[in-house]
Structures are given as structure tokens and as C-alpha cells.
Amino acid sequence: MPAMIEKKSKPDIRIWQPECECMERSALEALQAERLRLQVERVWQHCPYYAAKMREAGVEPGQIRTIDDVRRLPVTTKADLRDNYPFGIFASPLKDVVRLHASTGTTGKPTVVGYTRDDMQVWSDLVARFLVAGGLTNEDIVQIAFGYGLFTGGFGLHYGAERVGATVIPASSGNTERQIMILRDFGTTALVCTPTYAVYLGEALKQAGVDPEQLALRLGFFGGEFWTHAIRAKIEELYGITATDNYGLSEVVGPGVSGECPYQDGMHIAEDHFLVEVVDPTTLEPVPIGELGELVITTLSKKANPVIRYRTRDISRLNSEPCACGRTMRRMAKVTGRTDDMLIIRGVNVFPSQIEHVLLQFEDAQPHYLLVVTRERQMDQLEVRIEVSEYLFSDQMRQLHDIRERLQRKIDSALGIRAKLTLVEPGSLERFTGKAKRVLDLRNSEIPKN
Ligand code: DLL
């Protein structure tokens, strides 16, 4: 058994690149403007796709001088990247590209992203930034339970943790028994995976009779998907660790766009490398700081495949208040959902996150749920399948009835429409070793028998 590492009591405020992360706002904005100017010039010269789009919008590189000028540029969508599959939007020749990754596309072709040697250097530093912000040191042993195959999570965190000088275990995703063995035998102090998998692994530990208190684990870096503060509290309690959130997307760089500091109050954005706008998703007009909107990101330093005003579909808000950790980079709030996650059921907008918020107020409901959407006689039907706890399921009929009634009321009022609620046995819904899939939309396919 490795030596126990003392659990953290007060915030550990080390900063990986203070000269960047703590820049004066005016200096930062000047740097952003200069990098934006160079980036636009670069795509104009080397990327016929962007040059054509800019011509169509009647804008030339000379017109981009301040950071506000970014709004003159046309936006880029996932469809634009797909249409140019695989390398059509690269701004560097392949001989300068040292790495390729691809996004986890659910339909059709994935989007392919490339990195030059310089891009790799920046990427590792940006991941190191949020790892150090979340408390990682070169004495930590980091178990990376993200997939390594084309997904940016595995290698992104891997290189970042190595850059910090930690001991890296490339466990990759899945094979839970082996994850438990490594956690125990190698003395892992920091766990990296999706929040969904952290919950699942926690359950598996319990089933294997392992007391998390006996592990050396003290930190968790979770990201890659939506998760709530309540899930964070569950995970922190389950393992006795400090869990921080980090955000990113393949099209922009992968993990490393933003991450939390020990104050856990929003993710500091690497604004020296990304220009982030928050816009109204319908009008594309900017929303005031602090209001919810879609994140639109322009890469400021990426060489292999820069993106200009990429529509992320992710909904969040910015916070420009100073942070006690000393970093001056703006923070983004936890992502609350994606514009394309939204289901329209009988004309009402429904987000899976609304169900999650309700569930987490109930002790006996587990954070495992599935929304099943069908169409019967031209009418959309929503069924919400929720797992209940072992205890409740075994012999508490009366309580089961009560919780059902209360859940139904809460769900109806949260969604604003009537949903069919089905309580299912503990462990019966699918578990995920990567990102969770919470929606089964069968409106355009056959209705399942069960
Ligand atoms: O998920 C990159 C990543 C890997 C980030 C590991 C953090 C850790 P994609 O597979 O392209 O890339 O998926 C990107 O995942 O647009 C969000 O919708 C969602 N997402 C990523 N991080 C978070 C987060 C990676 N912390 C898409 N909170 C993004 C909420 C997140 N959603």
C-alpha cells in the first residue's frame, strides 16, 4: 500500500504560467487583438475556404484590428468542418502536422483536427494550466481513464500531466476491474475521466468492497460532458477528493480551453489563446457579460487548423469579476446544455439537464436516467426512466409510491409538459465508460416493444 497522501484542506494556489494567466486586462486585450489579426491573415493566405467565406461576407484582413472586429467575420459550424472532411480547413501543410485527432461524431463523418509541433506545445501547456490550478503537482500519480482512440481527452490530459512532471498512467477507458486494481496498487492520487465514469467507478469500488478512504486518491479532473454541482458534491463525498471541472472541444483544441481553480467557481478561460464570445443562438448578437448564451470561439494561436468564430452549441455565461486565486482570465460557468441537445416535445423545449437537476434533489433516485422520445398517433411522447436506490427498490413499497408521486410532480413542473415516469431497478440502465448518452429519440424509427 503506498504512503497515504494528506488530503487537501485549504486552497493550493500555484499557477503554471502566471505571466500569462495573471495578465492585466489591457495587455491581454492588446495581445488578443494582435493574435487575431495574425490568425485572420493566416487563414486568408493559407485556407481557401475561409478566404472565400470572408470575400462572400465582404470583409478583408485589413479590417480586423480590434477584438470587437471579430464580429465582422462569418461564423463557422460543425457542418462547415464536415463538408471539408478530412483536411480541407487546415492552414498548414500535412508535413508540418504531427498529430491528428477526430471528434466523437454521432452522425456521419467525424471532424478531423490537426496539430503542428507548436500547437502540441501550447496544448500541453494549456492542459498543465488547469491541472496545476486544480492542485496537481509533480508528486502526483495520474490515472487517465479517458479514451485514447482519436478522442482528444486521453492524449490531451496525458501530455498536460507529463508536462507538470506527474507520473502518468495511460489506463484508457473501460475495463473497470483493471481501473480498480491500478487505483489500489499503483497508489493513484489523481483520477481523470468523465464525471459519468467517476460515478460508475465509485459504485464499482463499493461493489468490490474497496473503501475509497483507503486509497491515496486526493484529486479528480473531470470533463468532456455536462455535469452539475450536485454531482460534483456526490463524487467528492464518495472518494473524499477535490473534483474540478474542465472544458474543451476537439474542433478548438480538445481539453484545455478552460478549467477550474481551487475556488471551484467557474472555469478560467485561456483567453490568450481563445477569443470567446457569448451570443444569442438565434440572432448571433452578443449578450451582456453574465448572461446565458452560446459560446463562439476563435482560436488565436492554432496553426494546423485554426477555427474562426466556431459555434460550439454550448450554453454558458461569462464572469469577469476578479477571482481570489489571482488569475485574471475570465471564467465561464458550468455548461448548462447544448442548443442541439434540446428536444422539442409537443412544441415545448426540453433539456436533459432539467431532469438531472430534479433527480439530484432526491436521495433515493440515482443520477442514472434515460429520456425516451416516441411518436404515437402524431403526438410526441416523453418517457423518463429513472433508477432508484437498492434500498428503496427492495422492500419499501410505500416509499416507492411516495417518491414516484413527488418525482412526477417535480418533473412535470420543471419541463412544463406531462412525461411518463418509469422507475427502474438499480443497475438496469446502461453505464458509460466515456460520455453518457441520456436521450433515445425514436420519433423517426420504430417504437421499441418494451
Ligand atoms: O470532450 C474535449 C474534452 C476532453 C474536454 C476531456 C474536457 C476533457 P469533444 O469530444 O469534441 O471534445 O466534445 C466537445 O463536449 O462541445 C461540450 O458539449 C462537451 N463538454 C466538454 N467538456 C465539458 C464540460 C471533448 N466540462 C463537447 N462541461 C463540448 C460540459 C463539456 N460539457
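Just so you know, all these numbers are worked out from the coordinates, no wet-lab data involved. Keep in mind the model is a prediction, meaning the values are calculated, not measured. Ideal geometry is used to build each Cβ from the backbone, glycine not excepted, and the neighbour counts take in all protein chains shown.
A few points about this structure:
- Note on segment 78-208: with charges restricted to the Cβ of Lys and Arg (+1) and Asp and Glu (-1), its dipole about the Cα centre is near 240 debye.
- Selected from ILE231, ILE403, ILE15 as most flexible by GNM, with the chain as the system and alpha-carbon contacts under 10 Å: ILE403
- Dipole of segment 122-268, positive end: most advanced residue of ALA171, ALA204, THR188 [Cβ charges, Cα centre]: ALA171
- Three-way shape call for segment 253-326 based on the alpha-carbon gyration tensor, with the a/c threshold at 1.5: oblate
- Cα gyration tensor shape of the chain, rounded if a/c is under 1.5, else prolate or oblate by comparing a/b with b/c: oblate
- Electrostatic dipole magnitude of segment 332-409 [Cβ: Lys, Arg +1; Asp, Glu -1; Cα centre; debye, to 20]: 340
- Proximity of backbone amide H atoms, modeled 1.01 Å from N, is registered between GLU387 and GLN366, HIS368, VAL424 at under 5 Å, excluding neighbours fewer than 5 places apart on the same chain.
- Per residue, the average separation of C-alpha pairs within less than 8 Å and at least 6 apart gives segment 343-441 a relative contact order of 34 percent.
- DSSP bridge orientation in the chain - percent antiparallel, rounded to nearest 5: 65
- Residue of THR282, THR374, THR116 that the Gaussian network model of the chain assigns the largest fluctuation, springs spanning Cα pairs under 10 Å: THR282
- For segment 299-346: rounded, prolate or oblate by the Cα gyration tensor [a/c cutoff 1.5]: oblate
- Relative to the dominant Cα principal axis of the chain, helix 229-239 is inclined by about 70°.
- Our summary of shape: the Cα atoms of segment 300-418 have principal axis extents of 59, 43, 27 Å, ordered from largest down, in whole angstrom.
- Rounded to the nearest Hz, the phi-derived 3J(HN,Hα) couplings of segment 333-347 under the Karplus curve 6.51 cos²θ - 1.76 cosθ + 1.60 (θ = phi - 60°) are 6, 3, 5, 9, x, 10, 4, 8, 7, 5, 9, 10, 10, 6, x, where x marks glycine and proline.
- Net +/- balance of residues flanking GLY427 in space, Cβ distance below 11 Å, scoring K and R +1, D and E -1: -4
- Residue of HIS357, HIS229, HIS401 that the Gaussian network model of the chain assigns the largest fluctuation, springs spanning Cα pairs under 10 Å: HIS401
- Derived scalar couplings ³J(HN,Hα) [segment 60-73; Karplus, 6.51 cos²θ - 1.76 cosθ + 1.60; whole Hz; x for Gly, Pro]: 10, x, x, 7, 9, 10, 10, 5, 5, 5, 4, 5, 6, 7
- Angle in degrees between helix 117-133 and the longest Cα principal axis of the chain, rounded to the nearest 10: 50
- Scanning residues 5 or more positions from GLY337 or on other chains, those with amide H under 5 Å from its amide H are ILE315, with H placed 1.01 Å from N in the peptide plane.
- Assigned charges on the beta-carbon of Lys, Arg, Asp, Glu; segment 1-159 dipole about Cα centre (debye): 400
- Of LYS410/LYS437; LYS302/LYS437; LYS109/LYS435; LYS109/LYS410; LYS302/LYS334; LYS334/LYS410, those spanning more than 29 Å from alpha-carbon to alpha-carbon: LYS302/LYS437; LYS109/LYS410
- Proximity of backbone amide H atoms, modeled 1.01 Å from N, is registered between LEU249 and GLY254, VAL257 at under 5 Å, excluding neighbours fewer than 5 places apart on the same chain.
- For the chain, the longest principal axis of the Cα atoms and the long axis of helix 195-207 meet at an angle of about 30 degrees.
- Couplings 3J(HN,Hα) of segment 304-310, computed from phi: 5, 9, x, 10, 10, 6, 6 Hz, in residue order, whole Hz [Karplus 6.51 cos²θ - 1.76 cosθ + 1.60, θ = phi - 60°; x for Gly and Pro].
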